[in-house]
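The values are calculated or read from the model by the stated rules, or taken from the named source; none is laboratory data. Values in this document were obtained by computation on a predicted structure and should not be read as measured data. Here the Cβ positions follow ideal geometry from the backbone for every residue, glycine too, while neighbour counts run over all protein chains shown.
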Amino acid sequence: MEFLTDPIKVVYDWLLELFLGWGWADWVAVLVIYLLGIVLFISAVMVLDILLVWVERKVVARFQDRLGPNRVGPFGLFQPFPDIIKLILKEDIIPEGADRVVFNLAPILSLASVIFLWAVVPLASRIYGVDLNVALLYIVAAGAIGTLSIIMAGWASNNKYALLGAYRMVANMISYEIPMVVALLIPTVIVGSMSFVAITEAQSDYWFVLVSPLGALIFLIAAIAELGRSPFDLNEGESEIVSGYHIEYSGMKFGLFYAGELLHAFTFGGFVAALFFGGWHGPWAQEYPLLGAFYFVVKAMIGYWVIMWVKYTVPRIRIDHMLAFNWKFLTPLAFILLMVTALTHRVLLDAPTWLYISGMFLSNVLLAWITVEVLRAQARRKRESVPPVMVGD
Amino acid sequence: MTAEQIIFFLTAALILISALMVVTTRNLVHAALWLIATLFGAAVLFATLEASFLAVVQIVVYIGAISILFIFAVMLTRRNLLDKVSQTNAGWPWAAGIAIAAFAGLVFLAGQMHNAGAQKGEVFGDPLMALSTALVSPDAYVLAFEVASIMLLAALVGAVYIANRK
């Protein structure tokens with residue numbers, strides 16, 4: 001069965017033959033096939049996004065000891081559809097004094113910046129959008145457009161809470177971009193390529209989480225910050241700035257921000273899977289790409305679940321703590337880790353696989369241990385500098 | 001007309017129109033957003049020239065960092081975002097003349113070049129690899145690369161010094 005081994009190519013060839021049979025020119029047929037592929041891919045991602053609404057609500061309910069949606073359909077599975085109908089029927093309000101064009105453009109850019117990411121997601125060995133040789137930088141660039149959409153939303157709303165929320169969120173996003181880029185450099189250094197396809201291919205024998213556990217952790221933390229999810233959800237703050245940059249958005253425009261956030265979280269779960277947990281690799285995934293795509297989605301879901309787990313367990317961090325954590329701890333640690341990884345990789349390049357993996361793993365463990373020791377010494381010094389408080393004073 | 005030319009003309013139109021809007025619009029935040037459109041057009045041009053690295057870096061650095069910084073600076077320093085004063089001063093005919101002369105000179109020079117209007121050169125191998133080896137090879141641009149990084153380091157140290165002064 002050729003369809004099972006290379007589904008995209010089979011469908012492509014079949015469509016090309018069909019269109020050429022209708023007497024279309026060669027380039028028209030190819031263009032139409034590519035457009036169809038893009039539309040279908042985006043539609044599939046958006047349908048998945050609808051399901052994510054249900055997943056998110058169900059999981060948060062379980063974390064908070066509730067049942068979650070359970071009225072519409074089996075297990076409340078069709079709950080997103082009433083949600084969507086409600087969002088569409090709501091009155092679309094544009095506040096007085098808002099900058100109309102920028103105000104309406106912001107939610108579109110916000111969701112688009114997430115959909116851009118799916119162009120490079122390696123779903124399976126032969127199922128992916130494009131094999132970009134700068135894919136890792138590309139996801140940072142798409143994140144830049146997301147940042148832009150937030151500042152546009154905050155500014156165009158003509159609301160001080162929206163503006164403050166946007167400031168906090170953008171400060172958060174552009175600071176945590178740095179440890180994220182450095183964490184992305186670690187697989188790049190190991191593989192020698194920034195292409196997602198090459199990085200996943202390179203993990204056929206072992207997952208990179210074994211080679212760089214600390215890198216995976218730094219990437220996960222920076223990704224959560226980039227997503228603006230708790231504990232880094234500074235855009236919100238019910239007592240100070242209400243719901244942040246999207247406070248003035250109603251109906252489906254708010255829905256776009258919300259859908260973008262959920263899809264973004266799932267996508268970053270996928271990136272964690274692709275960069276550090278072997279992506280689509282699994283039993284028989286090499287021969288049957290559809291099975292690989294299934295493994296990838298399962299791994300991405302687990303990554304998404306971890307992000308949700310953190311979100312609903314850890315309370316929000318104050319903004320100065322958050323910035324200090326990034327600049328004084330995470331960024332230096334990421335840079336040192338990058339240097340250590342590059343050096344160890346170079347030294348162990350010709351070593352057998354078991355030695356390579358254990359050497360890289362031990363270098364990470366050693367660095368983590370030194371970090372903890374340094375932090376402990378710092379905390380002790382701080383404790384000793386504070387005069388002891390007498391009980392009963 | 002090939003598809004590449006159509007994309008080029010559309011992008012060029014986007015760049016020119018948005019660049020014009022940057023200097024003519026009176027709302028400073030709008031000017032910054034039009035500037036982002038201009039820079040995005042430049043990134044598209046890089047992408048059509050198969051300089052994928054430059055295209056992506058253009059977006060990361062210029063849109064993700066510098067333009068956001070512009071917007072921050074504008075919003076934090078100006079109380080009234082609408083500029084009411086005249087956008088030109090008495091010297092504008094001179095400036096226009098110099099600009100037109102410079103443009104004409106550039107067009108003339110470009111016409112004199114022996115490969116004017118030629119197709120873009122064939123790219124051999126991975127252009128990203130070629131660029132990265134060129135940046136660290138002593139035969140190519142390692143000196144410029146290191147000098148640029150020292151300059152950035154100096155800027156960083158200067159910023160810390162200014163921010164630290166009590």
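Tell me which helices (runs of 4 or more DSSP H) are completely within the stretch B:51-122 and hold 2 or more residues being at pLDDT 75 or above and within 30 Å of A:Ala135 (Cα to Cα), or say none if there are none. Spell out how you get there, then give the answer.
Working: elements: B:52-57, B:68-77, B:92-112.
In the stretch B:51-122, the matching helices (runs of 4 or more DSSP H) lie at B:52-57, B:68-77.
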From the set of residues in the stretch A:243-266 that are outside any loop (DSSP other than H, G, I, E, B) and aliphatic (A, V, I, L, M), which is nearest to A:Glu96 (Cα to Cα)? A:Met252
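Residue-by-condition table, conditions (1) at pLDDT 85 or above; (2) farther than 30 Å from A:Trp284 by Cβ; (3) not in a loop (DSSP other than H, G, I, E, B):
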site	(1), (2), (3)
A:Glu17	no, no, yes
A:Asp49	yes, no, yes
A:Arg66	yes, yes, no
A:Pro95	no, yes, no
Could you list, in sequence order, all residues of the stretch B:143-166 that are over 21 Å from A:Met194 (Cβ atoms) and in contact with a helix residue (DSSP H, G or I) (Cβ under 7 Å, 6 or more places away or on another chain)? none
Tell me which residues, restricted to the stretch A:123-153, are modelled with pLDDT under 85 and farther than 22 Å from A:Val182 by Cβ. A:Leu123, A:Ala124, A:Ser125, A:Arg126, A:Ile127, A:Tyr128, A:Gly129, A:Val130, A:Asp131
Meets criteria (within 17 Å of A:Met169 (Cα to Cα), crowded, with 16+ Cβ neighbours inside 10 Å and either in contact with a His (Cβ under 6 Å, 6 or more places away or on another chain) or not assigned by TED's automatic domain parsing to the domain that holds A:Phe196 (or both)) for A:Phe257: yes
One residue is enough: does the stretch A:232-242 have a residue meeting the conditions over 26 Å from B:Val61 (Cβ atoms), among the aliphatic types (A, V, I, L, M) and not in a helix (DSSP H, G or I)? yes
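Each row is one residue, and each column tells you yes or no for (1) touching a Pro at 6+ places or on another chain (Cβ under 7 Å); (2) within 14 Å of another protein chain (Cβ to nearest Cβ); (3) over 15 Å from A:Gly255 (Cα atoms).
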{"position": "A:Arg66", "(1), (2), (3)": "no, no, yes"}
{"position": "A:Gly76", "(1), (2), (3)": "yes, no, yes"}
{"position": "A:Ile84", "(1), (2), (3)": "no, no, no"}
{"position": "A:Leu89", "(1), (2), (3)": "no, no, no"}
{"position": "A:Ala98", "(1), (2), (3)": "no, yes, yes"}
{"position": "A:Phe103", "(1), (2), (3)": "no, yes, no"}
{"position": "A:Pro107", "(1), (2), (3)": "no, no, no"}
If I filter the stretch B:6-17 for residues that are within 12 Å of another protein chain (Cβ to nearest Cβ), under 26 Å from A:Thr147 (Cα atoms), in a helix (DSSP H, G or I) and not basic (Lys, Arg), do I get at least one hit? no
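With the requirement that a residue be exposed (fewer than 10 other Cβ atoms within 10 Å of the Cβ) and either under 24 Å from B:His30 (Cα atoms) or of a type in the set (Gly, Ala, Ser) (or both), what does the stretch B:89-101 give you?
B:Asn89, B:Ala90, B:Gly91
Conditions tested, residue by residue: (1) under 12 Å from A:Ala259 (Cβ atoms); (2) among the charged types (D, E, K, R).
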{"site": "A:Leu77", "(1), (2)": "no, no"}
{"site": "A:Pro80", "(1), (2)": "yes, no"}
{"site": "A:Ile85", "(1), (2)": "no, no"}
{"site": "A:Ile93", "(1), (2)": "no, no"}
{"site": "A:Asp99", "(1), (2)": "no, yes"}
{"site": "A:Leu105", "(1), (2)": "no, no"}
{"site": "A:Leu111", "(1), (2)": "yes, no"}
{"site": "A:Ile115", "(1), (2)": "yes, no"}
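To keep it simple, each residue is scored yes or no on (1) within 12 Å of chain A (Cβ to nearest Cβ); (2) closer than 30 Å to A:Lys160 by Cβ.
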{"site": "B:Thr2", "(1), (2)": "yes, no"}
{"site": "B:Ala32", "(1), (2)": "yes, yes"}
{"site": "B:Gly41", "(1), (2)": "no, no"}
{"site": "B:Leu45", "(1), (2)": "no, no"}
{"site": "B:Ser52", "(1), (2)": "yes, no"}
{"site": "B:Gln87", "(1), (2)": "no, yes"}
{"site": "B:Trp92", "(1), (2)": "no, no"}
{"site": "B:Phe103", "(1), (2)": "no, no"}
{"site": "B:Phe108", "(1), (2)": "no, no"}
Of the residues in the stretch A:121-162 that are away from chain B (no Cβ under 11 Å) and of a type in the set (Val, Ile, Thr), the one that is surrounded by the fewest Cβ atoms within 10 Å (Cβ to Cβ) is A:Ile127
